[in-house]
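The values are calculated or read from the model by the stated rules, or taken from the named source; none is laboratory data. Only a predicted model underlies this, so the values are computations on that prediction, with no experimental measurement involved. Quick reminder, even Gly has a Cβ in these numbers, built from the backbone with ideal geometry, and neighbours come from all protein chains shown.
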Amino acid sequence: MPFSPNAKPDMNLDRELAALLFEIERFGKENDQRETDRKRKMLNLEPETAALLHILVRATHRQSILEIGTSNGYSTIWLADALCSRTKCRLVSIERNPLKLEMARKNLMRAGLLNSVTLLGGEASATVRTLEGPFDCVFFDADRISAPEQLEILIPKLKPDVLLLADNVLSHPEEIADYLNFVAGLVGFSSVTIPIGKGLNIAYRQSP
Ligand SMILES: C[S@@+](CC[C@H](N)C(=O)[O-])C[C@H]1O[C@@H](n2cnc3c(N)ncnc32)[C@H](O)[C@@H]1O
């Protein structure tokens with residue numbers, strides 16, 4: 001179901017922001033139908049999944065989010081909006097495609113959220129190595145196969161109370177299997193896959 005700025009007043013989004021998200025969503029769908037080269041597809045989150053992320057971030061008071069896989073910034077805007085009403089928050093987002101990163105920069109600027117986000121260009125694993133923690137939320141939405149490597153690097157950079165989110169569990173089960181196995185082997189985490197959009201895995205570790 002497409003997100004409509006009028007159909008979802010329950011999301012409590014600013015009206016202009018809702019209209020911009022709708023525009024980006026429509027652009028992504030049209031672009032992805034037309035493009036045959038996967039690298040040129042936007043591959044944006046399903047709106048329902050994005051709305052769930054927004055609620056999770058708000059409801060659990062996340063303060064320091066890392067997103068892996070920015071594309072043109074659709075999910076980044078949802079995450080930044082969920083965070084930005086709170087003080088002392090940060091959002092870092094990684095994308096290896098410079099053209100998409102530039103599109104994300106422009107979209108975040110239009111959303112008035114560019115100052116709330118640190119956009120980083122580069123390969124996810126190499127970039128994650130350079131980051132200082134701590135993060136209390138990581139959203140994995142890049143190539144899935146390299147996600148366990150990134151999670152391993154991130155372990156010492158996570159807060160005790162941390163939420164791990166990963167999309168494409170139902171759409172790409174084989175590619176994401178190693179990530180899910182890695183999460184299942186972590187001590188203290190509960191995890192569940194929600195059949196929303198392309199399938200969202202949520203793993204949560206509470207502070208002891
Ligand atoms: C599914 S899209 C992200 C969609 C975005 N989260 C959204 O909802 O708008 C995945 C993005 O991750 C990027 N990507 C894939 N593998 C990557 C990697 N190893 N390092 C950095 N970026 C990567 C791709 O270029 C692509 O733009």
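Annotations for the structure displayed:
- Residue within the range 155-177 that is polar (S, T, N, Q) and within 18 Å of Thr60 (Cβ to Cβ) present: no
- Within the range 35-56, residues that are among the hydroxyl-bearing types (Ser, Thr, Tyr) have Cβ atoms under 7 Å from residues that are part of a loop (DSSP other than H, G, I, E, B) and away from the ligand (no atom under 12 Å from the Cβ) in these pairs: Thr49/Ile196, counting only partners at least 6 apart in sequence or on another chain.
- Taken as a whole, the condition of being basic (Lys, Arg), at pLDDT below 95 and either assigned to a loop (DSSP other than H, G, I, E, B) or within 9 Å of the ligand (Cβ to nearest atom) (or both) applies to Lys88.
- Members of the range 145-167 found to be outside any strand (DSSP E or B) and among the aliphatic types (A, V, I, L, M), listed by number: Ile145, Ala147, Leu151, Ile153, Leu154, Ile155
- Residues that are more than 28 Å from Leu43 (Cα to Cα) and outside any loop (DSSP other than H, G, I, E, B), drawn from the range 191-208: Arg205
For every residue, the table says whether it meets (1) near the ligand (Cβ under 10 Å from one of its atoms); (2) outside any loop (DSSP other than H, G, I, E, B); (3) touching a strand residue (DSSP E or B) at 6+ places or on another chain (Cβ under 7 Å); (4) over 18 Å from Gly69 (Cβ atoms).
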{"site": "Thr127", "(1), (2), (3), (4)": "yes, yes, yes, no"}
{"site": "Glu132", "(1), (2), (3), (4)": "no, no, no, yes"}
{"site": "Asp143", "(1), (2), (3), (4)": "yes, no, no, no"}
{"site": "Phe182", "(1), (2), (3), (4)": "no, yes, no, no"}
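- Test: Ile77 is within 13 Å of the chain's Cα centre (by Cα), within 15 Å of the ligand (Cβ to nearest atom) and not in a helix (DSSP H, G or I): no
- Lone unmet requirement of (1) touching a Gly at 6+ places or on another chain (Cβ under 6 Å); (2) within 21 Å of Cys89 (Cα to Cα) for Ala142: (2)
- Taking the range 91-125 as the range and being away from the ligand (no atom under 14 Å from the Cβ) and not small (Gly, Ala, Ser) as the test, the residues that pass are Met109, Arg110, Leu114, Asn115, Thr118.
- Condition check for Ile202: β-branched (Val, Ile, Thr), within 17 Å of Leu66 (Cβ to Cβ), at pLDDT 95 or above and under 18 Å from the mean Cα position of the chain (by Cα): yes
- Of all residues making up the range 24-63, the number that are near the ligand (Cβ under 9 Å from one of its atoms), of a type in the set (Val, Ile, Thr) and surrounded by fewer than 16 Cβ atoms within 10 Å (Cβ to Cβ): 0
- Among the residues of the range 150-177, those that are over 21 Å from Ser207 (Cα atoms) and surrounded by fewer than 16 Cβ atoms within 10 Å (Cβ to Cβ) comprise Ser171, His172, Pro173, Glu174, Glu175, Ala177.
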